[in-house]
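Notes to accompany the following structure.
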Amino acid sequence: MLEGFVQQKKDILTVIEDIEALAKDEAGGETGNRLFAVKEQLISNSFNLVILGQFKRGKTTLINSLIGKEILPSSVVPLTSVVTILTFGKEIMCTVFMEDASKKEIHIEELPDYITERGNPKNIRGVRCARIEYPSPFLEQGMLLVDTPGVGSTFLHNTETTYEFLDHLDAALFLMSADVPISQVEKELLDTIKNSTQKIFFVLNKIDYLSPQEIEEIAAFNKQVLEEMGFTVHEILPISAREALKAKIVYNETQLLQSGLLNLEDALGRFLSSEKGRVILDTAISKVKRVISRILSQIAIEKKTLVASEEELEEKINTFQRLVTSLKQDRDDITYLLKGESDKLCLRVEEMLKVFEEKEVPAIKKCLQDFFEKNQDLHPTALRDDMQQIIKEEIIKGFDMFRKDIEGVISGSIQETFHRFTKRSNDIFHELRAAAEILFEVPMDQIEFSVELTRDNSFYYMVQEYTALTEEEVKSILRTFLPKSVSRKMVLHEMMERVSSEVSRNCGRVRSDLSAKIYKTIHYYSKQLKDLGNDLIKQIEQAIQKGQERRKAGSESIRTELALLTDKVKVLEENRGKLENTGNVMNMIDRENERCKMVKLKK
């Protein structure tokens, strides 16, 4: 098996070298960069195991438990804000890579200042990712552990950062929590990675909160949901990352066994020794074939540019430019319509809050009136304190109920809006691609426009603790000189007035918070929409530009270029065939291994 893996890897590297030689004069070097990344991974045998999940599922704690040391910072609030990669190194070394392409070496103790929400809020430092080299036997096998910010957290940029990294995963460890069923946010993330990797480990964390029966029940429920989504789930591994980390730190074997981490480590170990090589090769073949298809499309367009008459070429270029202009106009139109949708959503929030306020204020006032009548003997000062507490409790209760209602409405509206506009955007892109294919008689890449957004529609409200103002202090003093019955009525009147102001103040806070979230989410979508079709446009423009340059050089240059392009196509097609043959050989080996397993089971 190992010999076969080595030979197959060698075959893929040979194909990459051939394509690199063909693409070395490409403008921008995009193809070369993609091939270099695949080649580097094959040579180093590195493998990205990306830890994914909703926020506060215990991803960072799990990584620390696998390493056996609390090397990454964790917290009870959403903490990780930057992708952090752990790789093997003989000595501890920490490197921070910045968005401006610079990097800096830091001490491990400084890490929280760069990768956490507390130390680097909203990534104001401009960190792209952090890499930690650590002398762990687990990492020595070629595994790179990747810690990602949780999706659906309070912070939109955390969700964005996680989704941006999905293109780099080779296998995923999807972490769920035993104390809650699998959520819609988690299902959406799984849908995104379904076609990005052939291996997903499903892990159920925080089992120390539940009984064995409850663990079995929640695992069975999640398994059913996952299978309904189309996943093949052989097992869901139950663990307690927190207990496992404690056990490793103090070397408690019994506690470690009970944590379930050993079962997860065994599963990862089997994968590293057998499946890992296959996934690495499959991923490399898939990526290289996509590069080949892209180059072939560019060559075909360049050949059309070279052989077309001046009149035909001018017509094709003008038609293509009109298509691009139309695409950009469509994108602008959608962006404008999205702005209108966000205004509608905010107006809906306003209307729901108005209805809520109209119902909530009288309801709380009735509670105060009832309390006042049932406690006739209560001293005015005690009455005032108790009524303040009633206001606080009723506001919290009322806004909790309102939150559930409005979250459902806004979440549903946002999802419907983006589903509608994503469909429209894809229709527009497909029209451009189809028109370009007809125009240049060349097949183009099949891609879908998809933007994953935070589904966090929650908000925060606050019941302000009472601090007496000067006017109220005067009232309090005056009450001491008045009859008890009069003082009590003054307290009731004062608290009734406070209900209206307190509910109104919190409605304002909710309105502001929700509106900001709606506008931010739609702005993020619009920003991604601006890139729709740019890759395809760039691909076609580069090919046209290259063809035009050759035409200017004269007919002899055109003949030479056509012959060169024909040779390139031949080499590319041969290499694509080699990759397909390598894939077929791997499939044959898999089938033979499966047959041998079945024979052993029958015996």
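The values are calculated or read from the model by the stated rules, or taken from the named source; none is laboratory data. What you are looking at is a predicted structure, and each value in this text was computed from that prediction instead of being measured. Glycine gets a Cβ as well: all are built from the backbone with ideal geometry, and neighbour counts include every protein chain shown.
For the range 539-570, which positions are surrounded by 14 or more Cβ atoms within 10 Å (Cβ to Cβ) and closer than 12 Å to residue 301 by Cα?
We begin by selecting, within the range 539-570, every residue surrounded by 14 or more Cβ atoms within 10 Å (Cβ to Cβ); these are 539-544, 546-548, 550-551, 557-558, 561-562, 565, 568-569.
Hits for the range 539-570 are 539, 540, 541, 542, 543, 544, 546, 547, 548, 562, 565.
Quick check on the range 568-576. Is at least one of its residues within 37 Å of the chain's Cα centre (by Cα), assigned by TED's automatic domain parsing to the domain that holds residue 422 and either at pLDDT 85 or above or outside any helix (DSSP H, G or I) (or both)? Looking for residues that are within 37 Å of the chain's Cα centre (by Cα), assigned by TED's automatic domain parsing to the domain that holds residue 422 and either at pLDDT 85 or above or outside any helix (DSSP H, G or I) (or both), one finds none in the range 568-576, hence no. Taking residue 260, is it at positive phi and touching a helix residue (DSSP H, G or I) at 6+ places or on another chain (Cβ under 8 Å)? Yes: the conditions hold for residue 260. Please verify whether residue 293 is of a type in the set (S, T, N, Q), over 30 Å from residue 550 (Cα atoms) and out of contact with any His (no Cβ under 8 Å at 6 or more places or on another chain), treating the condition exactly as stated. Against the criterion (of a type in the set (S, T, N, Q), over 30 Å from residue 550 (Cα atoms) and out of contact with any His (no Cβ under 8 Å at 6 or more places or on another chain)), residue 293 does not qualify.
Determine whether residue 423 is of a type in the set (Lys, Arg), closer than 28 Å to residue 502 by Cβ and surrounded by fewer than 16 Cβ atoms within 10 Å (Cβ to Cβ). No. With respect to the conditions (1) loosely packed, with under 15 Cβ neighbours inside 10 Å; (2) in contact with a Leu (Cβ under 9 Å, 6 or more places away or on another chain); (3) farther than 30 Å from residue 525 by Cα, residue 292 lacks only one, and its number is (1). Taking the criterion of being assigned to a helix (DSSP H, G or I) and surrounded by fewer than 17 Cβ atoms within 10 Å (Cβ to Cβ), the residues of the range 240-257 that qualify are 246, 249, 250, 253, 254, 255, 257. Listed by position, the helices (runs of 4 or more DSSP H) inside the range 1-113 whose residues that are acidic (Asp, Glu) and modelled with pLDDT of 80 or more number at least 3 are 2-23. When the range 379-408 is filtered for residues that are touching a residue at least 24 places away in the same chain (Cβ under 8 Å) and either outside the structural domain of residue 495 (by TED's automatic domain parsing) or among the aliphatic types (A, V, I, L, M) (or both), the ones remaining, listed by number, are 383, 387, 390, 391, 395, 396, 406.
The set of residues from the range 360-397 being of a type in the set (Val, Ile, Thr) and over 16 Å from residue 493 (Cβ atoms) comprises 395, 396. Exactly one residue among 514, 532 is buried (at least 20 other Cβ atoms within 10 Å of the Cβ) and in a loop (DSSP other than H, G, I, E, B), and that residue is 532. Looking only at the range 371-392, which residues are assigned to a helix (DSSP H, G or I) and touching a helix residue (DSSP H, G or I) at 6+ places or on another chain (Cβ under 9 Å)? Within the range 371-392, 371, 372, 380, 381, 383, 384, 386, 387, 388, 390, 391, 392 qualify.
A quick yes/no check of all residues on (1) at pLDDT 55 or above; (2) within 22 Å of the chain's Cα centre (by Cα); (3) assigned to a loop (DSSP other than H, G, I, E, B); (4) of a type outside the set (Ser, Thr, Tyr):
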{"residue": "428", "(1), (2), (3), (4)": "yes, no, no, yes"}
{"residue": "434", "(1), (2), (3), (4)": "yes, no, no, yes"}
{"residue": "438", "(1), (2), (3), (4)": "yes, no, no, yes"}
{"residue": "448", "(1), (2), (3), (4)": "yes, yes, yes, yes"}
{"residue": "452", "(1), (2), (3), (4)": "no, yes, yes, yes"}
{"residue": "460", "(1), (2), (3), (4)": "no, no, yes, no"}
{"residue": "467", "(1), (2), (3), (4)": "no, no, yes, no"}
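Run down 235, 265 and say which single residue is more than 16 Å from residue 68 (Cβ to Cβ) and among the acidic types (Asp, Glu).
Just a single option satisfies the conditions, and that option is 235.
Any chance the range 296-316 includes a residue that's hydroxyl-bearing (Ser, Thr, Tyr), under 30 Å from residue 414 (Cα atoms) and within 36 Å of the chain's Cα centre (by Cα)?
Just the residues of the range 296-316 that are hydroxyl-bearing (Ser, Thr, Tyr), to begin with: 297, 305, 309.
Narrowing the set further to residues that are under 30 Å from residue 414 (Cα atoms) leaves none.
Taking every residue of the range 296-316 in turn, none turns out to be hydroxyl-bearing (Ser, Thr, Tyr), under 30 Å from residue 414 (Cα atoms) and within 36 Å of the chain's Cα centre (by Cα).
Tell me which residues, restricted to the range 288-317, are modelled with pLDDT of 85 or more and more than 23 Å from residue 561 (Cβ to Cβ). Answer for the range 288-317, where residues must be modelled with pLDDT of 85 or more and more than 23 Å from residue 561 (Cβ to Cβ): 288, 289.
State whether the residues of the range 215-232 include one that is over 25 Å from the mean Cα position of the chain (by Cα) and in contact (Cβ under 8 Å) with a residue 12 or more places away in the chain. Give the derivation first.
Going through the range 215-232, the residues over 25 Å from the mean Cα position of the chain (by Cα) turn out to be 215-217, 220.
Remaining after also requiring in contact (Cβ under 8 Å) with a residue 12 or more places away in the chain: 215.
The answer is yes; a qualifying residue exists.
Looking for something without any contact (Cβ under 8 Å) to a residue 24 or more places away in the chain, outside the structural domain of residue 50 (by TED's automatic domain parsing) and on the phi < 0 side of the Ramachandran plot - is there at least one such residue anywhere in the range 278-296? Before the answer, list the steps.
The first filter runs over the range 278-296 and keeps only residues without any contact (Cβ under 8 Å) to a residue 24 or more places away in the chain, leaving 286.
The next check asks that each one be outside the structural domain of residue 50 (by TED's automatic domain parsing); those that pass are 286.
Restricting the remaining residues to those that are on the phi < 0 side of the Ramachandran plot gives 286.
Yes, because at least one residue in the range 278-296 is without any contact (Cβ under 8 Å) to a residue 24 or more places away in the chain, outside the structural domain of residue 50 (by TED's automatic domain parsing) and on the phi < 0 side of the Ramachandran plot.
The residue of the range 258-280 that is modelled with the lowest pLDDT, among those that are polar (S, T, N, Q) and surrounded by fewer than 20 Cβ atoms within 10 Å (Cβ to Cβ), is 273.
Yes or no: residue 355 surrounded by 12 or more Cβ atoms within 10 Å (Cβ to Cβ) and either more than 30 Å from residue 564 (Cβ to Cβ) or in contact (Cβ under 8 Å) with a residue 40 or more places away in the chain (or both)? Answer is no for this residue. Just so you know, in the range 190-230 the residues that are aromatic (Phe, Trp, Tyr) and under 23 Å from residue 244 (Cβ atoms) include one that is modelled with the lowest pLDDT, and it is 209. Checked against (1) surrounded by 18 or more Cβ atoms within 10 Å (Cβ to Cβ); (2) assigned to a helix (DSSP H, G or I), residue 237 meets all criteria but (2).
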